[in-house]
Amino acid sequence: MTNPKKGHGAAVSDPRSLINAPELPVAMFSFLLHFVWEFLQVPTYAGMAEMAHWQGIKLCTSATIGDVGFALTAFWTASLVARTRHWIGDQVALPVLVFLGTGIALTVGFEFYYTQVTQRWTYSDLMPLVPPFGTGLSPLLQWIVIPPLVLWLSRRYRASSAAR
């Protein structure tokens, strides 16, 4: 077994390996940042502003959990390209581009599916649409703005954890 303090290859049964998992800061910072964004974009979705408070909280929390799922899927896709789960600390552009591209592709795909195919939700008149799929500008910006912040915060978190 390798040194669990390094976070590389530690046994999953070792609790320290879970704390050192590179997915942890990605999930943690994704949740915090996407949670705030979900509430800020409430007026751009039809019916959200009028929704009962607790229903709105549950819906935004559910959407945030989905965003964390997107972030982890994008992280693991980038990890496949980088051939390591520890790519965040590297100064290599390709995994970062794959991370961002995967998140944007998932967003465009899911927004199209839920607004056009199943009509599970609709945009309000306040939501500008981005062609060609009619994706809302707010969720698209969410996946352009938040992931770089998640990576930056995750790098800082991992660097401070390694220094301890």
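Identify the residue in segment 44-59 that is part of a loop (DSSP other than H, G, I, E, B) and within 24 Å of the chain's Cα centre (by Cα) and, among all such residues, is surrounded by the most Cβ atoms within 10 Å (Cβ to Cβ). In this case the residue turns out to be Met48.
Of all the numbered requirements in (1) modelled with pLDDT of 95 or more; (2) open to solvent by 70 Å² or more (accessible area, probe 1.4 Å), Leu33 misses one, and that requirement is (2). Among the residues making up segment 68-85, those that are open to solvent by less than 30 Å² (accessible area, probe 1.4 Å) and in contact with a Ser or Thr (Cβ under 6 Å, 6 or more places away or on another chain) are Val68, Ala71, Ala74.
Would you tally the residues in segment 91-101 being assigned to a helix (DSSP H, G or I) and surrounded by fewer than 18 Cβ atoms within 10 Å (Cβ to Cβ)? So the count comes out to 5.
Whether a residue is over 30 Å from Ser17 (Cα atoms) and of a type outside the set (Gly, Ala, Ser) was assessed, and Pro95 does not pass this test.
If you filter segment 126-164 down to residues that are free of Cβ contacts under 8 Å to residues at least 60 places away in the same chain and of a type in the set (Lys, Arg), you find that the one that is surrounded by the most Cβ atoms within 10 Å (Cβ to Cβ) is Arg156. Within segment 123-133, none of the residues are over 17 Å from Ser30 (Cα atoms), in a helix (DSSP H, G or I) and not aromatic (Phe, Trp, Tyr).
Looking across Ile104, Ile88, one residue alone is modelled with pLDDT under 95 and surrounded by 14 or more Cβ atoms within 10 Å (Cβ to Cβ). It is Ile88.
Let's see how each residue does on (1) farther than 18 Å from Pro25 by Cβ; (2) without any contact (Cβ under 8 Å) to a residue 60 or more places away in the chain:
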position	(1), (2)
Gln55	yes, yes
Cys60	yes, yes
Asp67	no, no
Phe70	no, no
Trp76	no, yes
Arg83	yes, yes
Gln91	no, yes
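Just a yes or no: is a residue in segment 62-78 in a loop (DSSP other than H, G, I, E, B) and closer than 18 Å to Gln142 by Cα? The answer is no, given that none of the residues of segment 62-78 is in a loop (DSSP other than H, G, I, E, B) and closer than 18 Å to Gln142 by Cα.
The values are calculated or read from the model by the stated rules, or taken from the named source; none is laboratory data. None of these values were measured; they are calculated from a predicted model. Heads up, the Cβs are rebuilt from the backbone with ideal geometry, glycines too, and the neighbour counts pull from every protein chain shown. Accessible surface areas use protein heavy atoms only, side chains included; no ligands, DNA or RNA. Shrake-Rupley method; radii C 1.70, N 1.55, O 1.52, S 1.80 Å.
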